Structure formats: C-alpha cells, structure tokens
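Structure, as structure tokens:
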Amino acid sequence: MPDMRVNKGKLQLKNPIMTASGTYGYNLEYEDFTDLTTLGAIVTKAITLEPRNGNPWQRIIETDCGMVNSIGLENVGIERFLKEKLPVLIKRKIDFAVNIAGSTLDEYTTLAKKCEDNSIKIIELNVSCPNVQHGCLEFGVDENTLGSLVKSVRSVFSGCLIVKLTPNVTSIEKLGLACQAAGADAVSAINTLKGTGIKLTFENGKFKKEQVTGGYSGRGIKPAALSAVMRLSKVLNIPIIGMGGIYSLNDVFEFFAAGADAVQIGTANFTHPDIAGKIVSELYSFMENNGFNTLDELKGALRNE
Ligand SMILES: Cc1cc2nc3c(=O)[nH]c(=O)nc-3n(C[C@H](O)[C@H](O)[C@H](O)COP(=O)(O)O)c2cc1C
C-alpha cells in the first residue's frame with residue numbers, strides 16, 4: 001500500500017493533493033463531485049474579519065489559457081464561518097486549511113487568534129492584500145512588512161502556518177526567506193499574476209468591450225509557478241506547496257520535480273469539478289503500479305531525472 005502522507009514538520013497531510021483558496025468554496029460546495037475526505041486538504045475561500053460583498057460585476061473573464069478574476073474577497077466573515085461552516089467541516093471529517101486575509105497587521109493577528117481559539121490546525125495567509133496602514137502596498141511584496149506580519153501571526157497561532165506568496169515581486173526568494181525567518185511552517189506559491197483580460201466584438205459599426213483587471217490564473221501561469229517553486233526550493237528549508245495551472249497528475253509531477261512537497265488545484269476545479277479527487281486516485285494507482293512506497297521516493301525519482 002503506497003504511503004502518500006506529507007510529513008514535513010507541522011505540515012501533516014494524508015496526501016499532497018489540496019484545493020486552492022477561492023476556487024473550492026468554504027466546505028461542501030464540491031461534495032457532489034468528489035469525496036472531500038479523500039483530499040489532502042481543502043483550502044477555504046479567504047476569510048476576513050467582517051463579511052465582504054466583493055467587487056461589482058463583471059469580475060471574471062475567460063482568456064486563451066486561463067481566466068482573470070477580480071472577485072474582491074467576497075466572503076461571509078470570520079464569525080459566520082466559525083458558526084456555520086467550520087462545524088460542518090469538522091463533522092464531516094474533511095481536512096482543511098483556513099485562508100485568511102486582512103488590511104492591517106492587527107486584522108490578520110485577530111483572525112489568526114480566532115483560528116487558534118477554535119482549534120483550527122492549518123491557516124494560510126493570503127498576503128496579496130493592500131496594507132491600508134502603509135500606502136496600500138500589498139503585504140506580500142516587502143520583506144520587512146511580510147516578516148513582521150508572519151511574526152505577529154506566529155505569536156498567536158500554534159498550528160501549521162502557511163504563507164501564500166505572490167509572484168508579482170522581483171525576488172520571491174527574499175520573501176520566502178523572510179517568512180521562514182519569522183516562523184512560517186510552509187509557503188505556498190503562487191497566488192495569481194497581475195493580468196487584464198479584454199474581449200472585443202464589433203457590432204453595428206461599434207466596438208463592444210468586456211474587460212477585467214485582476215488576478216490571472218489557470219494553464220497559462222504554470223511555467224511562472226514552476227519557476228517560483230524551483231527558486232524557492234533552492235533557498236528554503238521549510239516545505240513548499242506549489243500551485244498554478246495544475247490540470248493533471250503529470251502537472252503535479254512537474255511541481256514535485258521543481259521542488260514542491262504538496263500542491264493545490266485551483267482554476268481547474270471550475271471546468272473539472274471532480275479533478276482533485278481524480279488526481280488523488282491516479283497518484284495512488286501510479287505509486288502502486290510502479291513500486292513507489294512513499295511520496296519521498298517518488299519525489300526523489302522525479303528530482304534525479
Ligand atoms: C476566482 C478565484 C478566486 C481566488 N480567491 C483567492 C482567495 O480568496 N485567496 C487566495 O489566497 N487565493 C485566491 N485565488 C488564487 C488561487 O488560490 C491560486 O493561487 C491561483 O488561482 C493559481 O492557481 P490555479 O492556476 O490552479 O488557479 C483565487 C483564484 C481564483 C481563480
């Protein structure tokens with residue numbers, strides 16, 4: 001029986017296949033397509049202190065190789081999450097991480113403390129949010145700001161602390177190192193790339209334009225994501241969770257080869273809602289049929305090729 005467990009410090013998962021924040025709802029949205037208890041972990045949509053309505057329509061546009069979204073962190077807020085969504089996850093024995101987002105260091109720290117008080121085992125910090133106290137520059141683009149944020153969250157949260165890195169920086173390595181130094185247990189990469197999708201049609205002598213500016217995700221970003229994971233793996237000792245354009249087991253192998261310890265599936269869920277569960281069984285069968293007893297053996301083989 002292949003052992004698919006991820007066992008890297010505080011990052012303990014029954015297998016390395018997770019789903020990415022914002023693409024999988026809060027708890028049971030995908031239950032009709034996949035047995036959620038088979039997944040390494042689902043990551044909730046970003047949760048903020050207060051409920052948010054998000055941005056007005058149009059906030060999604062399909063592009064040639066993915067999509068651009070500008071959802072604007074629509075979510076029910078932490079109190080409703082704790083009251084309505086969390087008990088369901090626990091009752092159904094679904095492994096999960098809570099993705100949290102804030103606009104000040106205090107907001108993140110308060111959210112993390114609430115997670116600690118509710119015995120949540122894994123949180124993922126979405127640091128691609130504007131810091132309203134510092135010129136609205138994103139938390140994730142400056143090493144010092146990011147280091148202080150991780151340190152503060154670390155001081156109140158004892159579980160597995162994952163920091164989700166943005167690729168929209170000059171050196172993702174420096175940001176990863178700042179997270180590691182401040183006490184993060186893992187980093188995940190990448191969040192969406194900055195992008196604009198434009199769709200033009202010409203009707204009755206006039207152009208009609210649809211346009212969304214926000215985060216670019218999906219198949220087209222895989223090379224950028226692999227590059228980020230590879231660069232991080234060269235400098236970090238903490239585990240790396242890779243994501244960006246994963247649509248198949250082969251894509252997962254590419255992320256392992258680049259240095260990822262686990263992966264998250266995002267945009268693919270929208271068109272292939274059963275994909276995460278399918279990849280878990282494909283991984284199991286591949287390991288069983290090809291004599292890989294542990295994930296480390298498989299990763300070792302992928303990295304030596
Ligand atoms: C519609 C949508 C909403 C997202 N919302 C969040 C979010 O709330 N928090 C977060 O950390 N990342 C969010 N992301 C980023 C994804 O979790 C993931 O990092 C990114 O899409 C890259 O992976 P993919 O190419 O497999 O989608 C969102 C992505 C999409 C497409």
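When each of A257, A301, A189 is tested for being among the hydrophobic types (A, V, I, L, M, F, W, C) and under 24 Å from A97 (Cα atoms), the lone residue that passes is A189.
Among the residues of the stretch 214-238, those identified as more than 12 Å from the ligand (Cβ to nearest atom) and among the hydroxyl-bearing types (S, T, Y) are S227, S233.
Residues that are out of contact with any Phe, Trp or Tyr (no Cβ under 7 Å at 6 or more places or on another chain), open to solvent by less than 30 Å² (accessible area, probe 1.4 Å) and either over 19 Å from G9 (Cβ atoms) or not in a helix (DSSP H, G or I) (or both) occur at least once in the stretch 135-146. Each residue in the stretch 1-11 was checked for being touching a residue at least 40 places away in the same chain (Cβ under 8 Å), surrounded by fewer than 17 Cβ atoms within 10 Å (Cβ to Cβ) and assigned to a strand (DSSP E or B), and 1 of them qualify. Considering the stretch 12-104, the qualifying strands (runs of 3 or more DSSP E), each wholly inside and each with 1 or more residues that are open to solvent by less than 20 Å² (accessible area, probe 1.4 Å) and closer than 30 Å to P2 by Cα, run over 17-19, 41-43, 96-100.
The values are calculated or read from the model by the stated rules, or taken from the named source; none is laboratory data. Since the structure is predicted, the reported quantities are computational estimates derived from the model, not experimental observations. Virtual Cβ from ideal backbone geometry, glycine too; neighbours counted across all protein chains shown. The area values use the complete protein model at the heavy-atom level, side chains included, leaving out ligands, DNA and RNA. Shrake-Rupley method; radii C 1.70, N 1.55, O 1.52, S 1.80 Å.
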